[in-house]
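Shown next, in structure tokens, is the structure this report addresses.
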């Protein structure tokens, strides 16, 4: 067979699978979003209403805006905290040596943990009677000693953020260690010989060199934060009330618990919009790397 | 002298911070390991010394929890997903890596983009379709939706590995009269094998830990391990000793797999944006 035909035949099965499992559901979800679409009634999707689900979500549903705010604040906090803490840890670990290498190996473990299990373990750690972190924070900040973390809206949100940051620090740290290792040590040494201090070296040499890797990490983390579902479901199930209800959780509840699939699909599609921008930025970074 | 003491001081501070950070990362995991061996009396106390028991592991596999069924489901679903995804992705990656295709960049960006689509968007139509054709609560259905998240990772990751294989041997074999398929089978596959195994393990971990699809698609027969965790939420509160035992069964095999492929973890997760 000629390569010219073969090359298309080789990609065909993969393209078909990606189309069937990802592109088709995306389009189909959009179609649902234009219908009333009650899951429990026959003849789904029924009742074409154009973009009414979208306008309804934006103008009539405080719960939707609540989820937007929860997801937004959650994303900002988790991205900022994870990136800053990981960068710090990466800088501490990058010199290498046996001690630091063994710590790096340990770092793989939390990332192989299922996010659902991370949710469970943080509920365990913050149990008011026998949770280890709960006891620790109680010792550190006495007013928190008798508080049931997961029943307080703000503290429950804080626990969700902590669980997420805990789960992502290891991975981001490993990525940043990779990025830091690529910074040429000659440049750093030359700057030190010229009398540059630690902070100056970091700001003027390390940080600019690390920028592309940092960009990748920030975009990737933002995407995963915006999608968050598993931990929150296992940790608080959106509660107390709707204090930790992320957009994914809101879509899940409206679509599959209340059967309002059309409405849920419209909210899901509203989630896709920021993803398009982030994916575009990410793709640009990946392809720049590929061309080097 | 002064600078030497100061340097020594800073080195100690650094080591201390690293140790604390490592402790924060490891303590929740250790705590779960301990709780899994505690009796249900000991688990409700903050104590480090206790009489270890294997009763929790016996309990989670017995009625009514029957975690063994979920273990089988998880193993089958993750294995079949990988067995489909890796060969298909390998052929596509080879083509993307070695040829210039019309619309190649568009295809690759689309494949990358599907990875970033929220899972809730993808699962809604699958739920409706599976309900209509009777695939709800089946392992087949779960494999199909899992392919949606695994395929893009597999394609991008394997493409990275094949890009790294020098093309010379292939060209020499083609000149000597081998067909393209022979080249793929006899030259590319053996050289890419470590990469393919790494990608396979990586995809296995993703499929194994997958939660949202399994939560929505399954309810009894095809329930996987992560969803099985919900079994241990009882009326009187969470059964932490059993939850921990189940947690170990979920995470221990993944720890082993993650350690095997730890060198390639970063490349896989970032789909080649960071090597």
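Among A:12-22, A:205-215, how do they line up by average Cβ neighbours within 10 Å per residue, starting with the highest?
Final packing ranking: A:12-22, A:205-215.
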Helix B:119-133 against the longest principal axis of chain B: what's the angle in degrees, Cα atoms only, rounded to the nearest 10? 80 degrees
Can you put A:249, B:264 in order, fewest other beta carbons within 10 Å first? B:264, A:249
Arrange the following residues from fewest to most other Cβ atoms within 10 Å of their Cβ: A:252, A:74, A:54, A:280. A:280, A:54, A:74, A:252
Label model pair residue A:129, residue A:144: point-to-point distance (7 angstrom along the Cα→beta-carbon line) in nm is 2.2 nm
If the label point sits 7 Å along Cα→Cβ of residue B:6, residues of segment A:190-218 with amide N under 19 Å come out as A:191-203
Sticking with the crude label model, points 7 Å out along Cα→Cβ, report the distance from residue B:106 to residue A:41 in nm, one decimal please. 3.9 nm
In nanometres, the difference between 0.36 nm per residue of separation and the alpha-carbon distance of residue B:62 and residue B:18 is 11.7 nm
Please give the length that would be gained between residue B:99 and residue B:172 if that part of the chain were fully extended, namely 0.36 nm times their separation in residues minus their C-alpha to C-alpha distance (nm, one decimal). 24.6 nm
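Normalised by the empirical 2.2 N^0.38 Å for globular proteins, what value does the Cα Rg of the protein assembly as shown take? Kindly include the intermediate steps, with their values, before the conclusion.
On the way: Rg = 24.8 Å, N = 567, 2.2 N^0.38 = 24.5 Å.
Here the answer is 1.01, to two decimals.
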With a 10 Å Cβ neighbour count serving as the proxy for reagent exposure, in which order, fewest first, do A:189, B:63, A:61 appear? B:63, A:189, A:61
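Multiply the residue gap between residue B:219 and residue B:51 by 0.36 nm, knock off their C-alpha separation, and tell me the result in nm, one decimal place.
Details: separation 168, 0.36 × 168 = 60.48 nm, distance 3.61 nm.
Extra length available between residue B:219 and residue B:51 comes to 56.9 nm.
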Expressed in nanometres to one decimal, the distance between label points 7 Å along Cα→Cβ at residue A:276 and residue B:137 is 3.9 nm
To the nearest 0.05, the calculated FRET efficiency linking residue A:185 and residue B:33 through their beta-carbon distance, R0 being 51 Å, is 0.85
Mind checking B:206-212 for the average number of partner chain beta-carbons within 10 Å of each residue's beta-carbon? 5
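Read-outs throughout are calculated quantities, based only on the coordinates presented, and are distinct from any laboratory measurement. As the structure is a prediction and not an experimental result, all values here were calculated from the model. No Cβ is skipped: glycine too gets one built from the backbone with ideal geometry, and neighbour counts run over all protein chains shown.
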